[in-house]
Amino acid sequence: MVDDDVLNGRLLAAGVRSEGHRTFQATSGEAALDILATSPVDVVLLDILMPGLDGFGVLEFMMADPALSRVPVVVVSGIEGTANIARCIELGAEDFLPKPADRLILRARLTAALRKVRIAQMEQRRVHEVFSRFLPETVVAQVLAEHQDDLRIGARELTCTVMFNDLRGFTTFAESRSAEQVIEVLNEYLTVMSDVVLEHGGTLVSYLGDGMMSVFGAPVETPDHADQAVAAAREMCGARLRDLNLRLERLGLLQGFRLGVGMASGPVMSGNVGSPRRMEYAAVGDTTNTAARVESLTKEVGLPVLMTEETVGFLTSERASVSYVDELSLRGREHPVRLWTLSDVAAVPP
């Protein structure tokens, strides 16, 4: 409640509290902004004619603030003139009620405003849930703030590390198992490796049968994207793969799966792609193509992890854990590419 008339403000607040709502009271525009800055408010009932910062000024300030612009404002004022009422609406007010406000009409306006707030909160939770499926929880809030709770992530060119990983031995396993077992094991593998990506700050881009594509450093830029990716690759090929194989052995599904991980770093074009009926996040470009081709080489050279020299160049904390492999040719590349591996991840038979 924002009203410089203390008595009128108390009467208004009493009526609102009688409907089961909690209220804050401010006797000036400045005091109202202080409350809005420190306390969660669902609806503002705002007078216009006040000394100092008047109601118009409060509306202008709120509409200029991304967070406050979503708070419904119902103007309750004795100001006269169609032009003034129109100005309130143009500045973002939901409605205008003349003083003294009719209690039944006020209740209806307040209920409508609160309904809008609840719908917005439900939508925000839905969007948060959608982003949480492929973004680490630590960056969901930042992405939502940048995109105003929009499900679409705008196109940007970012420097990041792209990772592809592929489960080795799964095709043979699937040939002799029931559909139920195949899907159960596949989901177990994808869950385990997805958790690793998210825990290390990566973004899940897509599932590719028994493989995955992830990106580190997008859609939110991070300077240590290469270190995040390398740490994730180590955990994937080490503890997580070992635990997965042990669980499958206890279930009588012993297979001894292996894993191939390929990484490349550089510029990618990231953002939502698709049609209005189906939209997904993507990170495309030469870096992505290179990462996919590097992953395919892990099987040939018998190393579970391979990365380009560009990825090594971005490393800081993980720099001492990599070792040079060789210059190898990639499909579609005119010149060989210098590749590196993780020294502390054991080689596997091709």
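Remark: F56, F257, F216 ranked as F257, F56, F216, counting other beta-carbon atoms within 10 Å and listing the fewest first. Among the listed values [x] 157, 47, 31; [y] 83, 44, 36; [z] 80, 39, 36, the one matching Cα extents along the principal axes in Å as calculated from this structure is [y].
From the Cα gyration tensor of the range 218-320, with a ≥ b ≥ c the square roots of its eigenvalues, which class applies: rounded if a/c is under 1.5, or else prolate if a/b is larger than b/c, or else oblate? In terms of gyration-tensor shape, oblate. Need one word for the range 150-342: rounded, prolate or oblate. Basis is the Cα gyration tensor (sqrt eigenvalues a ≥ b ≥ c); a/c below 1.5 gives rounded, then a/b vs b/c decides. Taking the square roots of the gyration eigenvalues as a ≥ b ≥ c, the range 150-342 is oblate. Roughly what angle does helix 179-199 make with the longest principal axis of the chain, taking Cα atoms, 0 to 90 degrees, to the nearest 10? Approximately 70 degrees, to the nearest 10. Spatially, the range 53-83 and the range 239-318 are offset by 51 Å when compared through their Cα centroids. Of the residues V261, V76, the one with the fewest other Cβ atoms within 10 Å heads the list, and the complete ranking is V76, V261. Contact order for the range 6-131, expressed relative to its length and based on alpha carbon pairs under 8 Å spaced 6+ residues apart, stands at 20 percent. The C-alpha atoms of the chain define a longest principal axis, and helix 137-147 lies at about 50 degrees to it.
Ordering T288, S28, S317 by the projection of their Cα atoms onto the charge dipole of the chain, which places +1 on the Cβ of Lys and Arg and -1 on the Cβ of Asp and Glu, puts T288 at the extreme positive end.
For the pair S329 and A155, label points projected 7 Å from Cα toward Cβ lie 3.5 nm apart.
Using the Cα centre of the range 1-127 as the reference point, and only Cβ charges (+1 on K/R, -1 on D/E), how large is the resulting charge dipole? Debye, rounded to the nearest 20. Taking the Cα centre of the range 1-127 as origin, the dipole is about 760 debye.
Other residues with beta-carbon under 11 Å from the beta-carbon of E310 carry, at +1 per Lys or Arg and -1 per Asp or Glu, a net charge of -1.
Taking every C-alpha pair closer than 8 Å and separated by at least 6 residues, the mean separation divided by the residue count of the chain gives a relative contact order of 12 percent.
Basic side chains Lys and Arg get +1 at the Cβ, acidic Asp and Glu get -1 at the Cβ, and with that the dipole of the chain about its Cα centre reaches some 960 debye. Take each peptide in 91-100, 296-305, 158-167, 320-329, count the other Cβ atoms within 10 Å of every residue, and average; sorted highest first, the result is 158-167, 296-305, 91-100, 320-329. By definition, a body whose alpha carbon gyration tensor gives a ≥ b ≥ c is prolate when a/c is 1.5 or more and a/b is larger than b/c, and the range 6-131 fits this prolate description.
Put in order of Cβ neighbour count within 10 Å, fewest first, the listed residues D243, D42 become D243, D42. Between the helical axis of 225-235 and the dominant principal axis of the chain, each derived from Cα atoms, what acute angle in degrees is found, rounded to the nearest 10? Between the helix axis and the principal axis of the chain, the angle is about 60 degrees. Between N187 and R103, the contour length at 0.36 nm per residue exceeds the alpha carbon distance by 24.6 nm. Relative contact order of the range 237-337, taken over Cα pairs closer than 8 Å and 6 or more residues apart, is 24 percent.
Values in this text are rule-based calculations from the coordinates and carry no lab data. For clarity, every value in this text was computed on a predicted model and none was experimentally measured. So basically every Cβ, Gly included, is an ideal-geometry build from the backbone, and we count neighbours across all protein chains shown.
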